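Have a look at the structure below, then the notes.
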Amino acid sequence: MRDVVERNVEYPNVDDLMKTAKAEHLKIKAEPVKIRGAEIIVRSLIKNGVDKIFGYPGGAVLHIYDELWRFREQITHYLVRHEQGATHAAEGYARVTGKVGVVLVTSGPGATNAVTGIATAYMDSIPLVVITGQVPSTVIGTDAFQEVDTFGITLPIVKHSYLVKDVTKLEAIIDEAFQIAQSGKPGPVVIDIPKDVTAHLAEFSGEKTQFYSIGKENTLDAELLDAAIQKLLAAKKPVLYVGGGVVTADAADELMEVSELLQIPVHADSYGIRRFPVGTRQLYGNARNARDLYIEYGGFRKRSPFCRRGSL
């Protein structure tokens, strides 16, 4: 018979194998998934409560439109026939709903067509976030096809603007843009995004970034308030001038209570008048006869034509 040689073979412990496999599985699972910048944009919009967007497609924003199609159940896109129409539609949406209007246009002529609507939102204090496409970051400044300096063109007519060159900062920038558009005196914010940034990969946290420096509460000066009250009570022919700020502050009802209580006529501009019924007795009243006190509420004028010799 053949001699049988016994060999001492060490087999791995089953428990150790299971622990190792589980550790590797958890490691893979824990690694963050990276997604395209275009998807980060759409997910960030959803995170900030956006369910409607107005726009017109173009080459620089095609990646974003791909993602809008994927997330069409969460965001409804309204296709306009001109980029100016998109900004005005978003402006009207913001006026009616109180939410931030969102616009998406392409680079070059797409961005310049949107300028009129952005300027209107700036003058009327309407919260907008306007996302504009831009040529790839590698060719910015080379007079590339459909390249314009969107950042520079819109700088005088926005609350804030961005030119995004790093996809890892995209999510935080969109969060900040929404907070800036809504805080304090509302207005438009432009986010200019090169096409290559929408294709780059980055992590999406899904957590809303809070910028604590935005939207600080205003403190009321008791002495100034008391002085204003004394002037109001002493005035013989006061008038209230009401601007769009009364709409933003949602304070029209309180203002009318004061007007009716003290029998003060109200002169409203084209922005403030939309919160006052046409038949309101105090509306306009004898505003043109006011001479001694002019009270401005939510407006921008420094002197009323109705109160040239009175105090402001």
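The table below lists the values:
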{"quantity": "Share, in percent, of DSSP beta bridges within region 34-203 that are antiparallel, nearest 5", "calculated": "10"}
{"quantity": "Proximal lysine pairs, region 34-203, alpha carbons under 25 Å, eight or more residues apart or interchain", "calculated": "23"}
{"quantity": "Exposure proxy ranking, count of Cβ atoms within 10 Å, fewest first, for SER183, SER125", "calculated": "SER183, SER125"}
{"quantity": "Charge dipole magnitude, Cβ of K and R +1, D and E -1 - region 115-231, Cα centre, debye nearest 20", "calculated": "160"}
{"quantity": "Residues ILE41, ILE75, ILE46, ILE264, sorted so that the one with the fewest Cβ neighbours within 10 Å comes first", "calculated": "ILE46, ILE75, ILE264, ILE41"}
{"quantity": "Proximal charge balance of THR138 [Cβ under 13 Å; K/R count +1, D/E count -1]", "calculated": "0"}
{"quantity": "Sorted by Cβ density within 10 Å, fewest first, the residues MET123, MET256", "calculated": "MET123, MET256"}
{"quantity": "5 Å-binned pair-distance histogram of region 34-203 (Cα, whole percent)", "calculated": "2, 10, 20, 25, 23, 14, 5, 1, 0"}
{"quantity": "Surrounding net charge for ALA111, when Lys and Arg each add one and Asp and Glu each subtract one, Cβ distance under 14 Å", "calculated": "-3"}
{"quantity": "Residue-count net charge about ALA172 - beta-carbon cut-off 12 Å; Lys, Arg +1, Asp, Glu -1", "calculated": "-3"}
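Bear in mind these aren't lab numbers, they're just calculated from the coordinates by the rules spelled out. As the structure is a computational prediction, the values presented were derived from the model and not from experiment. Every residue, glycine as well, gets a Cβ built from its backbone with ideal geometry; the counts of neighbours run over all protein chains shown.
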